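Data first, discussion second: the structure below is written as structure tokens.
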Protein chains: 2
Amino acid sequence: MEVFDPAELWSRERIEETQLVRLKNTVGQARKCDFYRQRLDEAGIGPDSLRSLDDLRRIPFTTKEDLRTQYPTGMLSVPQTEIVRMHCSSGTTGSPVAICHTQNDINSWADLMARCMHMVGVRREDVFQNMSGYGLFTGGLGIHFGAERLGCLTIPAGAGNSRRQIKLAKDFRTTVAHILPSYALILGEHLRNMGEDPREFPLRVALVGAEPYTEEFRRRIEGLFDMKAYNSYGLSEMNGPGVAFECLEQSGMHLWEDAYIPEIIDPETCQPVPDGEVGELVMTCLCRQGMPILRYRTRDLTRFIPGECGCGRLHRRMDRILGRSDDMFIIKGVNVYPMQVEQVIMTFPEVGQSYLILLENDGIGDVMRVQVEVRDEFFVEDMRALQNLQKSIAQRLRDEILITPKVELVQSNSLPRTEGKAVRLQDLRAKK
Amino acid sequence: MEVFDPAELWSRERIEETQLVRLKNTVGQARKCDFYRQRLDEAGIGPDSLRSLDDLRRIPFTTKEDLRTQYPTGMLSVPQTEIVRMHCSSGTTGSPVAICHTQNDINSWADLMARCMHMVGVRREDVFQNMSGYGLFTGGLGIHFGAERLGCLTIPAGAGNSRRQIKLAKDFRTTVAHILPSYALILGEHLRNMGEDPREFPLRVALVGAEPYTEEFRRRIEGLFDMKAYNSYGLSEMNGPGVAFECLEQSGMHLWEDAYIPEIIDPETCQPVPDGEVGELVMTCLCRQGMPILRYRTRDLTRFIPGECGCGRLHRRMDRILGRSDDMFIIKGVNVYPMQVEQVIMTFPEVGQSYLILLENDGIGDVMRVQVEVRDEFFVEDMRALQNLQKSIAQRLRDEILITPKVELVQSNSLPRTEGKAVRLQDLRAKK
């Protein structure tokens, strides 16, 4: 198999040996900033404390709140003169988070991104159009540098302006694009309005990230353009794009374990969850000098996909993001994420636009009710069909979340919405 | 003197020797594309035709129209797989122009840009905030790559969002910014509205380009922020920013003659104008592989500033852009640019917002009239003061444009405007 970086094909032993070496280096590097030195000292972790990868769990978590508190430069592990780039969250919720990179950090980020693109068959012969905004958002410069590193003809088209996107893609025969799934639909619509068949469009690969979207939606945009769409995962705290990426198998995103140590934990107990179970992704970067971050709680919910990937790469795979751990609720001792419920009920073709999870206490214990809108054409007087649907949904939910909720079928558009957005969860239990 | 690139201090001999070597290479490289091979063959210029720099004049001009005709990839001198970046004009007038770069082209562009910033005292210790839009516009990625090359902490802030610009600049103590002059004024206003003194702002250097603005305006924004503002010249056909830049002397922009051959010609006769006279800038790039461009007619009007610069660099200096050659008119055999008229009359404090140049034929010959708005406070009944003003303006105009126009003083806001924009020139002469 042709790979961009030999590390893609490393054995588990080689991956884990390297992780331990790099973890030690990274902890040593992190100790150069006051914040981590103090925190590691408090946890009793000295320069030589890490004997095995299991010792990682002794390192305290880093939270977004920590990064905010240390803004702008409290987390630097190098003199500020070594920094050549800063990326910054929009800071829409609270104060911003700034991530600073040395030239080496920028280079290894570009290499990781190039590796992702190479993995899905992108080569220097390709024309790559970056339909992402640039500036402080890492999806612009992050993917741009990766594409140039790979040697693609890179078109920094930026976001929006469909007419120009289409003109450039046709004129330069763009084969690969970084695009939001919702924008792919808009572009396809635009082409059809121009009387053209989007399948004739030169695009053959789309890199897709940044926006939650379903597998069904992926298949839809793939069919629309007769192309392949590959999921990408990244977050600015871990550079940005290039953290995890799908291979040609399209069955989960390989986390680059030579550059990161991923963990998936129960957000309540902070203990690791078994492979295949949903939990919060925690990430440690292994190749960063400017601002190494240890055990970062991403708040993103996902799961490791068990088993080996058909592509032969042994870097573990993560599922797409299933929600935010802040949305999790606990019922009868079980952690449940609204996205788990959504994923189950949306597999039923009879189900409409919206659903509502109601948590109540009937005096004896907690009760979970799920109200599900049913499409008009299925909401008929055939009571037996509706009862069967109700039963099927309840069973499938139990298989997924381990408790059996009361399922109630309701008519389209009968569930509450606030400002056009559906309300997904109402917790009516008395706060204890 | 500490320089980024030793080429900054080359003697004229060294510069010109290098130009000849590189010109030969560039012509050889250009011949790899059909367009140039054909055009050079037609002009009888073979691989060995160039014996001295004077032979440059035998090479045909390249126009924007040529670039449009060859869009998208007709001008490539390398296989398309060698290209890693494309920048593209907005194409607001006619079809777009696409400029394609190899990795080497991107690197040498970044070096040139870093050289410009280094020349005005920017160092890796500086924090650089790029307040320019990114994407296809070269002012974003072009200056970004230069700043990173220099090792500055580079903040890709992008355009607009004053509140965020100010927050970032204060939090990171931004010392250098790439900013539009008009936006500098807006930022200053914003700070004052926040009750702050813009002079307390950490900014000490502004890189200014892209927008025509006067020397008076420069001094105004310099005073506003207690900083230095340096003019930059670039155009995407010659990479983008990094073509010419002011040194600490602030008396004209050094054209990097190891990377370009600049000429200034009469746009009518296409012959070189004497040093110090205004004409159209023509540029040949010497360091480009992907898409070398020979004798490009920029349509930008400027002049070589005669004499040697106080900084000791012998790369010739160009004046700021004085207009577009498309705006030029000819009267009594003399080429005149509206900007020349504007520059003269705006030195008079009595002159208001607008002026109008009228070209007429009185049956005997061409007549040039200049109507000038006078500020209300000067438009008094003191006829003698007004007559003196009229006479002074006429004399100063004759000194500049070599013919004596009829000057007419008019009241504020009496001259015609279309959609808020002032009309500067009306040519009422019968077309011959």
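Select from B:77, B:361, B:312 the residue farthest towards the positive end of the dipole of chain B; place +1 on Cβ of Lys and Arg, -1 on Cβ of Asp and Glu, and compute about the Cα centre.
Working it through, the farthest residue towards the positive pole turns out to be B:77.
Could you tell me the center-to-center distance, by alpha carbons, between segment B:8-36 and segment B:190-237 in angstrom?
Cα centres, segment B:8-36 to segment B:190-237: 35 Å.
Show that you can apply the helix-only estimate: for the protein assembly as shown, add -39,500 (n - 2.57) for every DSSP H stretch of four or more residues, divide by all residues, and state [θ] at 222 nm to the nearest 500.
Computed mean residue ellipticity for the protein assembly as shown: -9000 deg cm²/dmol.
Taking the Cα centre of segment A:329-427 as the origin, how large is its charge dipole in debye, to the nearest 20, when only Lys and Arg (+1) and Asp and Glu (-1) carry charge on their Cβ atoms?
With Lys and Arg at +1 and Asp and Glu at -1, about 200 debye.
Between the label point of residue B:193 and that of the same position in each other copy, find the distances and list them shortest first in nm, with every label point placed 7 Å from Cα along the Cα-to-C-beta direction.
Counterpart label points of residue B:193 in the remaining copies fall at 3.4 nm.
Between residue A:399 and residue A:186, what FRET efficiency follows from the Cβ-Cβ distance if R0 is 41 Å, with the result rounded to 0.05?
It comes to 0.70.
Between exposed GluC sites (Glu not before Pro) in chain B, where DSSP calls loop and at most 16 other Cβ atoms lie within 10 Å, what's the longest gap?
B:3-124
Can you give the FRET efficiency for residue B:69 and residue A:308, using 1/(1 + (r/R0)^6), R0 = 51 Å, r = Cβ-Cβ distance, to the nearest 0.05?
In this case the efficiency is close to 0.40.
Using 0.36 nm times the number of residues separating residue A:57 and residue A:360, minus their current alpha carbon distance, what extension gain do you get?
Fully extending the segment from residue A:57 to residue A:360 adds 105.5 nm.
Considering only Cα-Cα distances, which of the following residue pairs are longer than 22 Å: A:167/B:64; A:332/A:406; A:170/A:228; B:332/B:406; A:167/B:32; B:32/B:64?
Distance filter (> 22 Å) returns A:167/B:32.
Computed FRET efficiency, Cβ-Cβ of residue B:215 and residue B:248, R0 25 Å: what is it to the nearest 0.05?
Plugging the Cβ-Cβ distance into 1/(1 + (r/R0)^6) gives 0.95.
Roughly what % antiparallel, to the nearest 5, for the DSSP beta bridges in chain B?
Bridges in chain B are about 65 percent antiparallel.
How far, in whole Å, is the nearest Cβ of chain B from the axis relating it by rotation to chain A, and which residue carries it?
B:134, 2
If the label for residue A:123 sits 7 angstrom from Cα along the Cα-to-Cβ line, what are its distances to the same label in every other copy, in nm to one decimal, shortest first?
4.8
To the nearest 20 debye, what is the magnitude of the charge dipole of the protein assembly as shown about its Cα centre, counting +1 on the Cβ of each Lys and Arg and -1 on the Cβ of each Asp and Glu?
Roughly 20 debye for the protein assembly as shown.
Farthest toward the dipole's positive end in chain A, which of A:414, A:9, A:206, given Cβ charges of +1 (Lys, Arg) and -1 (Asp, Glu) about the Cα centre?
Farthest along the dipole direction, towards plus: A:206.
Counting DSSP beta bridges in the protein assembly as shown, what percent are antiparallel, to the nearest 5? Intermediate values should be presented prior to the final figure.
Working: 82 of 130 bridges.
Expressed as a percentage, antiparallel bridges in the protein assembly as shown total about 65.
Quick one: putting +1 on the C-beta of Lys and Arg, -1 on the C-beta of Asp and Glu, what dipole do you get for chain A around its Cα centre, in Debye to the nearest 20?
Working: 54 positive and 61 negative charges, 144 e Å.
It comes to approximately 700 debye.
Distance from the Cα centre of segment A:264-280 to that of segment A:291-316, in angstrom?
Centre-to-centre (Cα) distance: 12 Å.
Let me know the mean shielding of B:155-161 by other chains, meaning the per-residue number of their Cβ atoms within 10 Å of its Cβ.
Values: counts 8, 11, 4, 7, 1, 1, 3.
Average per residue, whole number: 5.
How big is the Cα convex hull of segment B:329-427 in projection, averaged over all directions, in nm²?
6.5
May I ask you to report, in nm to one decimal and beginning with the shortest, the distances from residue A:34 to the same position in the other copies, taking label points 7 Å along Cα-to-Cβ?
6.7
So, in nm, how far is label residue B:41 from label residue B:334 when the simple model puts each one 7 Å beyond its Cα toward the Cβ?
Here the answer is 4.7 nm between the modelled labels.
What ranking do A:118, A:144 get, fewest neighbouring Cβ atoms within 10 angstrom at the top? Each step should come with its number before you reach the end.
Details: A:118 20, A:144 25.
Taking fewest neighbouring Cβ atoms as first place, the list is A:118, A:144.
By how many nm would the segment from residue A:386 to residue A:346 lengthen if fully extended, with 0.36 nm per residue of separation less the alpha-carbon distance?
12.8 nm
Excluding residue A:33 itself, what net charge comes from residues whose Cβ is under 13 Å from its Cβ, given Lys and Arg +1 and Asp and Glu -1?
So the surrounding residues net to +1.
Partner chain Cβ atoms within 10 Å, averaged over the residues of B:164-172 - can you pull that number for me?
4
Could you check the simple spin-label distance between residue A:326 and residue B:199, using points 7 Å along Cα→Cβ, in nm with one decimal?
My value for the distance between the label points is 4.4 nm.
One quarter of the convex hull surface, Cα atoms only: what value does that give for segment A:179-246 in nm²?
Value for segment A:179-246: 4.6 nm².
Which value, to two decimals, describes the C-alpha radius of gyration of segment B:1-327 once divided by 2.2 N^0.38 Å?
Taking the Cα Rg and dividing by 2.2 N^0.38 Å, one obtains 1.00.
Using alpha-carbon pairs under 8 Å, 6+ residues apart, how would you state the relative contact order of segment A:1-58 in percent?
It rounds to 29 percent for segment A:1-58.
Bear in mind that the values in this text are calculations on the coordinates, not laboratory data. In this text, all values refer to a predicted model and were calculated from it rather than measured experimentally. Note that each Cβ is placed from the backbone with ideal geometry, even for glycine, and that neighbours are counted across all protein chains shown.
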